[in-house]
Each structure stands twice: as structure tokens, then as C-alpha cells.
1. Could you tell me which of the residues ALA15, ALA81, ALA91 is at pLDDT 95 or above, surrounded by 14 or more Cβ atoms within 10 Å (Cβ to Cβ), more than 14 Å from LEU143 (Cβ to Cβ) and of a type outside the set (Phe, Trp, Tyr)?
2. Within the stretch 18-32, how many residues are surrounded by 14 or more Cβ atoms within 10 Å (Cβ to Cβ) and hydrophobic (A, V, I, L, M, F, W, C)?
3. Could you please give the count of residues in the stretch 103-139 that are in a loop (DSSP other than H, G, I, E, B) and exposed (fewer than 11 other Cβ atoms within 10 Å of the Cβ)?
4. When you go through (1) within 26 Å of the chain's Cα centre (by Cα); (2) surrounded by fewer than 12 Cβ atoms within 10 Å (Cβ to Cβ); (3) assigned to a loop (DSSP other than H, G, I, E, B) one by one for PRO35, which number turns out not to apply?
5. Please list, ordered by first then second residue, the pairs with beta carbon atoms under 6 Å, 6 or more apart or interchain, first in the stretch 100-124 and over 21 Å from SER90 (Cα atoms), second charged (D, E, K, R).
6. Every residue in the stretch 56-74 that is of a type in the set (A, V, I, L, M) and surrounded by fewer than 21 Cβ atoms within 10 Å (Cβ to Cβ), please.
7. In the stretch 52-74, is there at least one residue being of a type in the set (Val, Ile, Thr) and within 18 Å of ARG133 (Cβ to Cβ)?
8. Given the criteria among the hydrophobic types (A, V, I, L, M, F, W, C) and touching a residue at least 40 places away in the same chain (Cβ under 8 Å), does ALA62 qualify?
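The values are calculated or read from the model by the stated rules, or taken from the named source; none is laboratory data. This one's a predicted model, so the numbers in the text were calculated from it and none came from an experiment. Cβ atoms come from the backbone with ideal geometry, glycine included; neighbour counts cover every protein chain shown.
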Amino acid sequence: MNSPMSETLLLHATATALDAQRDKLPKVHAPFRLPDPIAVGRQITELGGSIVEMGDEYLFRAEVSAPQEHTVLAAEAFANAIGSVAQAASALGTVAQQLAFVAHTAGKRGEPAYEDAHTIAGETVEFAVETARDDLAEAAKTLRTAASVISPPSVQLRQAALARSPAPSTSGVPPTATTAAPASAPAVHQAAPVAASATIRGRR
């Protein structure tokens, strides 16, 4: 069975994958443009794959006869994230439905109800995309929250220490202690040979 550390890492990795899916959603800017139907279809398929993977993770933990607390928490997090990702996939299904409607009615341009219908379709697509974005963000948050609870105490203490530690100073190099120069040696009347100067480069 997975240890608390491995559960923490897996939850964080899954949350990061969902962040990547959220970043791939169509951008909603003014003026709004309908997304590419092929890209929407592919992302629905990818979200379906994420649901299957998290479902496997939930099943793996649900089958444990006497699970430890971190196992139960991870299973619950995966189950909750599945619900949010499923809602995101459903929202993209609405997007695909509206895009299919636009394609189906492309030949009716100029008819009285055409412009109104397409305006409503665009608004529906925009709302659905933002709904999917919120759902994926919620799923990732759920996984990270569980990871923070499951993470071993040593990791929690280290994270708390990093949060409390002051930022490194950039005001300059601290002054170095000065060493008194040795007393000068008595003068020697013999002329000493002059050695050629050599430059010594240190290795990195």
C-alpha cells in the first residue's frame, strides 16, 4: 500500500495534470471566437481519460480491507475530484453541442432567426467554457488540500519553516575581518632577482 509520502506526491502530480487541462481550455476574450470543434473533442476525450485514471486510483484504495487514514483520505480526494472533472467534461459536451448546431445551421445565414440563434450559441459556449475552467480548478484544489493533510510531519515542518524563514539579504556582501599586517622584515642589501608575474586562474 502507498505510504503517506507516495500518496502526497501522486495527489500533487494529478492536480498538476488537471492544471494543464485547464490551461488548454479555449480562451475567452473579447471579441469572443468559437473554439475549434476538433480541439474541444480531443479535450473531452482527455478528460475522460483523467476520470478513468482517478477511478482506478479510487478502486485501488477501496479494495484495501483495512486501509490506513492516509489511504482513506486519498480515496476520498480522488472520488471528489472525479465529480468535478466529470462536470468539466459535461460542460465541454455543451460546447460541442453548440458548435454542432452552428455547423448545422451554417447554410441558413440571412434567415430572420439566424443571428439571434448564433448569438445565444456563442454566449452558451462562453459560459460553458468558464464553467469547465472552474470545475477543473476545484478538482485540483481538492487534491492539493488532501495532499497537505496526508503529507508526513517532516514535510509539513519543513514547509512551515520555509514559510517563516526571512528572505536572503541582497544589501551587499558582509564586511570581512581585517588582519593586521606583519611587521616588515629588516632590509636586505643584496639585490633579489625579479620574478616574472604569473596569473593563476582558479578552477570552477
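1. On the way: ALA15 fails: more than 14 Å from LEU143 (Cβ to Cβ); ALA81 fails: more than 14 Å from LEU143 (Cβ to Cβ).
Going through ALA15, ALA81, ALA91 in turn, the sole match is ALA91.
2. 4
3. Kept after step one, since they are in a loop (DSSP other than H, G, I, E, B), are these residues of the stretch 103-139: 105, 109-113.
Then keep just the ones that are exposed (fewer than 11 other Cβ atoms within 10 Å of the Cβ); that gives 109-113.
Here the count works out to 5.
4. The failed condition is (2).
5. These pairs meet every condition: TYR114/LYS108.
6. LEU59, ALA62, VAL64, ALA66, VAL72, LEU73
7. Start the filter on the stretch 52-74 by keeping residues that are of a type in the set (Val, Ile, Thr), which leaves 52, 64, 71-72.
Retained after the next criterion (residues that are within 18 Å of ARG133 (Cβ to Cβ)): none.
No, the conditions are met nowhere in the stretch 52-74.
8. So ALA62 fails the test.
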